[in-house]
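A quick write-up on the structure given underneath.
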Amino acid sequence: MGYKSLLVLEKILMALPAKVRKSFFTLLAFIGYKVSKKYCNVVRANLNYAFDNTMSEKEITEITKYSFKNLLYNFLHLMEMRHMSSADLEKKATVKNREIVQKIHQQDRAIIYVASHYCSWELGAASLGYFLEPIAGVYKKMKNREYEAWLLEARAHFGNSNLEKTNVLKPLIKHIKQKKASGILIDTNINKREGVVINFLGKPLRQTATPAYLARKFGAAIVPVSIRTDDEEHYELIIHEEIPVQRTEDEAADILQTTQLQADWLSALIRKEPKFWFWLHKRWKNDKPELYKN
């Protein structure tokens, strides 16, 4: 879709009732599920690998359908966030466990929020920035710069800022020293030169070590966050307990342990409600490429 076409579509959809917009994106998700055999196979490969071929065909089908719907709803939330008022967001989302963040603020420490592509991650980031504190979210540069600008504008609507992933370490350090918050997704595919090998969903995988490195070096708190829903209308942003950071003479071991704890948190979250995770992503592409050959 061209950028101008996107803006026209946005203008039309935002003039319609919210239920109509949601129905439109639900239809797009159903079409995507029906025509995209390639990505249906990606979901199947991921689920069979992560759950050791124990999922039934019914479960795989339901999660595959939901994966397409969840992706399209994230796009819908981005579009709506560009026009959303504070009152609208307060009706859409609530926050659980605020006291975890308040305790860390009382200790005068910066927070590194770690999150994943789970449920409505776009709405989750916006809610975090609005209800708790603005975050600088790390993102990967896109090929389409016009769409990137549209995306970043939506993400910044409630006070968040954006840091491009290339050479992001210095800006993140600056934020931490200023006691400002940052947000890092820990479930993106990375190449073999990045991150450390941890155990994720019972399988070896490379994961970014940046949160662990920064927290250990500068005393920041690592706080996992997630968001979920029961009806795709009302969402709950959940603040999870701070992940402890070990500081011994063995820096590499400390970073590995802290990164593993983040993977353990996300693994438990996914096992509890697997439908919410972004199974359309080739998460094991670099570590186990044979998964996606077919």
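Read-outs: derived from the displayed coordinates by stated rules, not from any lab. Small disclaimer: the values here were computed from a predicted structure and weren't measured. In this analysis, Cβ positions are derived from the backbone assuming ideal geometry, glycine residues included, and neighbour counts consider all displayed protein chains.
Of the residues Phe158, Phe30, Phe68, the one with the fewest other Cβ atoms within 10 Å heads the list, and the complete ranking is Phe30, Phe158, Phe68.
By the count of neighbouring beta-carbon atoms within 10 Å, fewest first, Trp279, Trp121 end up ordered Trp121, Trp279. What translational D, rounded to a whole number of µm²/s, comes out for segment 3-292 from Stokes-Einstein when the hydrodynamic radius is the Kirkwood one over Cα pairs, at 37 °C and 0.692 mPa s? The Stokes-Einstein estimate is 165 µm²/s.
From helices alone, the chain scores -16000 deg cm²/dmol at 222 nm; the rule is -39500 (n - 2.57) for each run of n ≥ 4 DSSP H residues, then divide by the residue total.
When segment 26-144 is described by a simple charge dipole with +1 on each Lys and Arg Cβ and -1 on each Asp and Glu Cβ, the residue from Ala110, Leu78, Gly129 located farthest towards its positive end is Leu78. Normalising the average separation of contacting C-alpha pairs (under 8 angstrom, six or more residues apart) by the number of residues puts the relative contact order of segment 3-292 at 24 percent. Reported to the nearest whole Å, the Cα centre-to-centre distance from segment 87-110 to segment 37-55 is 35.
About the centre of its Cα atoms, the chain shows a dipole size close to 960 debye [charges on the beta carbon of Lys, Arg (+1) and Asp, Glu (-1) only; nearest 20 debye].
Report note on the peptides 19-28, 123-132, 182-191: ranked by the mean count of other C-beta atoms within 10 Å, highest first, their order is 123-132, 182-191, 19-28. Which percent, to the nearest 5, of DSSP beta bridges fully inside the chain are antiparallel? Here the antiparallel bridges make up roughly 40 percent for the chain. Applying a DSSP loop filter and a limit of 12 other Cβ atoms within 10 Å to the trypsin sites (Lys or Arg not before Pro) in segment 249-294 leaves Lys293. Net length available on complete extension from Glu153 to Lys217 is 19.9 nm, with 0.36 nm assigned per residue and the Cα-Cα distance removed. What the Cα atoms of segment 188-294 give is an Rg and a Dmax of 15.3, 49 Å. Note on segment 70-168: Lys pairs 8 or more places apart or on different chains, Cα atoms under 27 Å apart, count 5.
If you average the C-alpha positions of segment 7-34 and of segment 221-294 separately, how far apart do those two centres end up, in angstrom? Segment 7-34 and segment 221-294 have Cα centres spaced 30 Å from each other.
The Rg/Rh ratio of segment 21-152, with both radii computed over alpha carbons and Rh defined as the Kirkwood radius, is 1.02. Along the axis of the charge dipole computed for the chain (Cβ charges of +1 for Lys and Arg, -1 for Asp and Glu, origin at the Cα centre), the listed residues Ile255, His240, Tyr39 are led at the positive end by Tyr39.
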